[in-house]
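Everything below concerns the one structure shown next.
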Amino acid sequence: MSEGPSLTESKTAPSANSSGKPSAEPDRGSLLGTGGIWLAKWSACLVVIAAGAVVIGWIIEKMWVIVLPVALAIVVSTILWPPTRFMTKRGVPPAAAAGLTLVMFFAIVGGIIAGIVPSVVSQMPDLANKATEGINTVQEWVKGPPINLRDEQLDNAVHAVVERVQGSAATIAGGVFSGVSTAGSLLVTLALVLVLTFFFIKDGPRFVPWLHRVSGGRAGRHLEAVLGRMWDTLGGFIRTQALVSFIDALFIGIGLLILGVPLAPVLAILTFIGGFIPIVGAFVAGALAVLVALVANGFTTAIIVLVLIIAVQQIEGNVLQPVLQSRSMNLHAAVVLLAVTAGSSLFGIVGAFLAVPVAAVAAVVVRYIGEQIDERASEGEDDETKALPAPGDTSVPDPKPASPAPAASED
């Protein structure tokens, strides 16, 4: 009578499956190798993406003379497209509608400039005198307690500040002139923007169908969907930001007029323009208004202006802007701040102005790709669900028919 396997043998022997073959457990080394291969593939993908981003950035830098007018023309077109569309729907030819829209735009901008220039010219000498008085007051204050600066220390500090400002001014001037020379000239860039804007609002509705036909059915469908969403997002952002900036400028301008702060219309216009550069623009415009109030009207008025600006910006940031921009741009405040910082560091003021629209458009592309991935994944799950047996169905699917056995030999 044969004895069964010992207890030690039963513990160390590999388990057998129904076919009698031992089932090998996954090896730790193979799992690490699989993870390493997966990590290497994704690292290679990230390196290729980063290299592509560098190449695209290099192309944009070399073609900045074309990219800048096109980008600015697209932004301006989102503002001028609604009145153009309104006129074309009522039978006005597209060229005439685009021309009339540009004329009205120039009339409005020219009227605003003509209204604020005399105020600036008349109040600038008085503001300069008040600034000198303010600087002298600050110098007398820092000489007394608790600071007690001596004249030579104050002179050294003023000299250092002047040298710093002169160096910064030289750097800024060099950047401005180099940017202008890169773009050809400021007048040429503005002329290109105007011409491109005219063609965009005149022939814009025919561009997407043409691109659809050129790129083919499958790619054209995706391009049409993405470009439509980009245009809606960009137009909604620009119009919403213009409304929010106008409300900020209106209430802050009224407050400055009531308080008797000089250059109130100019400061209101700067507040409106600064509103198109989220976070940073509002801070700079508000700081400038407080500084003018401090120099011209004194410390008390400056504190009141500061409270007014903080109150208006808090209401705008916590109530008005989230309600209006929730449908047009779904970006976190940290993304907005990083986009403005990157745009300003790479392309200066123009980059800070275009950073948020570019980030919003890029977010549209990312969301669309995510939707396509989810759609493909859901289609795969539906196919797998159809392949599974229905609940309660105990029937076993027919096995694959075996190939017929070869005929037996008659030998």
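Condition check ((1) touching an Asp or Glu at 6+ places or on another chain (Cβ under 9 Å); (2) at pLDDT below 85; (3) open to solvent by 30 Å² or more (accessible area, probe 1.4 Å)) across all residues:
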| site | (1), (2), (3) |
| --- | --- |
| VAL208 | yes, yes, yes |
| GLY217 | no, yes, yes |
| ASP232 | no, yes, yes |
| ILE258 | no, no, yes |
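Could you list all residues from the stretch 89-102 that are surrounded by 18 or more Cβ atoms within 10 Å (Cβ to Cβ) and over 18 Å from LEU196 (Cβ atoms)?
none
State which residue pairs qualify: first residue part of a helix (DSSP H, G or I) and inside the stretch 306-317, second residue of a type in the set (Phe, Trp, Tyr) and open to solvent by 50 Å² or more (accessible area, probe 1.4 Å) in any location, beta carbons under 7 Å apart, and separation of 6 or more residues or different chains.
Listed pairs, sorted by first residue: VAL312/PHE251.
Would you point out which residue out of ALA73, ALA53, ALA96, ALA107 is touching a residue at least 40 places away in the same chain (Cβ under 8 Å) and on the phi < 0 side of the Ramachandran plot? It would help to see each step written out before you state the result.
Details: ALA53 fails: touching a residue at least 40 places away in the same chain (Cβ under 8 Å); ALA96 fails: touching a residue at least 40 places away in the same chain (Cβ under 8 Å); ALA107 fails: touching a residue at least 40 places away in the same chain (Cβ under 8 Å).
Going through ALA73, ALA53, ALA96, ALA107 in turn, the sole match is ALA73.
Just wondering, is there one or more residues in the stretch 273-288 that are under 25 Å from the mean Cα position of the chain (by Cα), of a type in the set (A, V, I, L, M), within 30 Å of ALA98 (Cβ to Cβ) and in a helix (DSSP H, G or I)?
Checked the stretch 273-288: at least one residue is under 25 Å from the mean Cα position of the chain (by Cα), of a type in the set (A, V, I, L, M), within 30 Å of ALA98 (Cβ to Cβ) and in a helix (DSSP H, G or I).
Of all residues in the stretch 234-246 being at pLDDT below 85 and surrounded by fewer than 18 Cβ atoms within 10 Å (Cβ to Cβ), which is farthest from PHE200 (Cα to Cα)?
LEU243
Condition test on ALA264, is it modelled with pLDDT under 80 and closer than 22 Å to GLY115 by Cβ?
no
The values are calculated or read from the model by the stated rules, or taken from the named source; none is laboratory data. This structure is a prediction, so every number in the text was calculated from the model and none was measured. Neighbour counts are summed over all protein chains in view; Cβ atoms, including those assigned to glycine, are modelled from backbone coordinates with ideal geometry. Note: accessible area is taken over every heavy atom of the protein model, side chains too, but ligands, DNA and RNA are not part of it. Shrake-Rupley method; radii C 1.70, N 1.55, O 1.52, S 1.80 Å.
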